[in-house]
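Structure record follows, encoded as structure tokens.
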Amino acid sequence: MAWNIARSEALADPEAARHKVLGRLQRLSELDDAELQVVNILIDAILMAEAYRGARHQVTFLPEMTRNVDHLLRDLAILDKADELAAV
């Protein structure tokens, strides 16, 4: 079950992309340690924004942030899959 927002989608219609993300995050309360995952991603996002402020170099912790986001999305996908299986 793949879920993502393509770069072109986010750039073409940022508001629609935000709504897509918000829809996906509605199940956060069902995850174990959701607050910790969200706080870690928020910290990474702030650091990434600060690193890009006036800079033209690669952000060194971007792979870690990507892994954190992937972990959160994987947990949400597991909840969706469990619901699908329970409905069968």
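The values are calculated or read from the model by the stated rules, or taken from the named source; none is laboratory data. This is a predicted model, so every value here is computed, not measured. Here the Cβ is made from the backbone with ideal geometry for all residues, glycine too, and neighbour counts use every protein chain on show. Note: accessible area is taken over every heavy atom of the protein model, side chains too, but ligands, DNA and RNA are not part of it. Shrake-Rupley method; radii C 1.70, N 1.55, O 1.52, S 1.80 Å.
Here is what passes the span test in the chain: the DSSP H helices with alpha carbon length of 18 Å or more along the helix axis and a Kyte-Doolittle mean of -1.0 or above are 34-52, 62-87.
Placing R0 at 22 angstrom, the Cβ-Cβ distance between Leu73 and Glu50 gives a FRET efficiency of 0.40 after rounding to 0.05.
Among Leu31, Leu73, His19, flag the residue with its Cα farthest along the positive direction of the charge dipole of the chain, charges on Cβ as +1 for Lys/Arg and -1 for Asp/Glu. Checked the options; the winner is His19.
Per residue, the chain exposes an accessible area of 76 Å² to a 1.4 Å probe, with every protein chain left in place. For volume of the Cα convex hull per residue in Å³, pick the label among [x] 77; [y] 135; [z] 116 that corresponds to the value derived from the coordinates. Checked against the structure: label [z].
Under 8 Å for C-alpha pairs, at least 6 residues apart: give me the relative contact order for the chain, rounded to a whole percent. Don't skip to the answer; put the middle values down first.
Working: 27 pairs, mean separation 28.1, N = 88.
Relative CO of the chain lands at 32 percent.
Expressed in nm to one decimal, what extension gain is obtained for the pair Ala12 and Leu62 from 0.36 nm per residue of sequence separation less their Cα-Cα distance? Could you put the intermediate results ahead of the total?
Values: separation 50, 0.36 × 50 = 18.00 nm, distance 2.27 nm.
Residue separation times 0.36 nm, minus the Cα-Cα distance, leaves 15.7 nm.
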